[in-house]
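Have a look at the structure below before the remarks.
The values are calculated or read from the model by the stated rules, or taken from the named source; none is laboratory data. Bear in mind the structure is a predicted one, so any value in this text is a computation, not a measurement. Methodologically, a virtual Cβ is constructed for each residue, glycine included, from the backbone with ideal geometry; neighbour enumeration extends over all protein chains shown. For accessibility, only protein heavy atoms count, side chains too; no ligands or nucleic acids. Shrake-Rupley method; radii C 1.70, N 1.55, O 1.52, S 1.80 Å.
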Amino acid sequence: MLPSPGWFIFTAFLFVEALVVIILVAPMPSNTIRGVVLDQLVKLNERKGVRYGCWAMVALSGLYFWDSVATLWSQPYWVLSCEQRELLFFTERNAYATGMSLLLFFVLRRLLEIQAQLFVARAQTKAAEAKAVKQQ
């Protein structure tokens, strides 16, 4: 049984999401680097094609998640053959992957907001320290 092209696209999107989340969670050596990373991610997110593509992938993930969970709940596990149970294990794996993709998407959106707030707060702190040193 070959996977559908939608699963390939979904998996690629999941890896990209994970990579961006890792970048945002990683410690930044300076606020300047944080600003550059955030600036590039915000510019990328401002492109309509990227934004609509991300929301389309979230919709696809939601549909796949719904389908996987519906399949899992509709099968009485105790009357299935070994091959049918194997298919349910694949379906369960797909449910985990799609659920994780949905979770990562919303975590990613929140991380962007938190990092932007941290960038502004650190810039204000640095300006206040420079002003205090200048007044002394």
Being of a type in the set (Lys, Arg), modelled with pLDDT under 95 and surrounded by 12 or more Cβ atoms within 10 Å (Cβ to Cβ) narrows Arg34, Arg93 down to just Arg34
Counting only residues in the stretch 61-90 that are modelled with pLDDT of 90 or more and not hydroxyl-bearing (Ser, Thr, Tyr), the one farthest from Ala18 (Cα to Cα) is identified as Ala70
Looking only at residues that are over 21 Å from Phe10 (Cβ atoms) and open to solvent by 60 Å² or more (accessible area, probe 1.4 Å) in the stretch 96-117, which one is farthest from the chain's Cα centre (by Cα)?
Gln117
Can you list residue pairs whose Cβ atoms sit under 8 Å apart, with the first residue in the stretch 11-22 being exposed (fewer than 15 other Cβ atoms within 10 Å of the Cβ) and the second being among the small types (Gly, Ala, Ser) and part of a helix (DSSP H, G or I)? Count only pairs 6 or more apart in sequence or on different chains.
Thr11/Ala97
Loosely packed, with under 15 Cβ neighbours inside 10 Å, over 30 Å from Pro29 (Cβ atoms) and not acidic (Asp, Glu): does that describe Leu80?
yes
How many of the residues in the stretch 37-57 are over 28 Å from Ala127 (Cα atoms) and open to solvent by less than 50 Å² (accessible area, probe 1.4 Å)?
4
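Can you pull out the residues in the stretch 56-79 that are over 13 Å from Gly99 (Cα atoms) and either among the β-branched types (Val, Ile, Thr) or not in a helix (DSSP H, G or I) (or both)? Working first, answer last.
Of the stretch 56-79, the ones over 13 Å from Gly99 (Cα atoms) are 56, 70-79.
Across the stretch 56-79, the qualifying residues are Thr71, Gln75, Pro76, Val79.
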Of (1) assigned to a helix (DSSP H, G or I); (2) free of Cβ contacts under 8 Å to residues at least 40 places away in the same chain; (3) surrounded by 11 or more Cβ atoms within 10 Å (Cβ to Cβ), Met28 satisfies every one except (1)
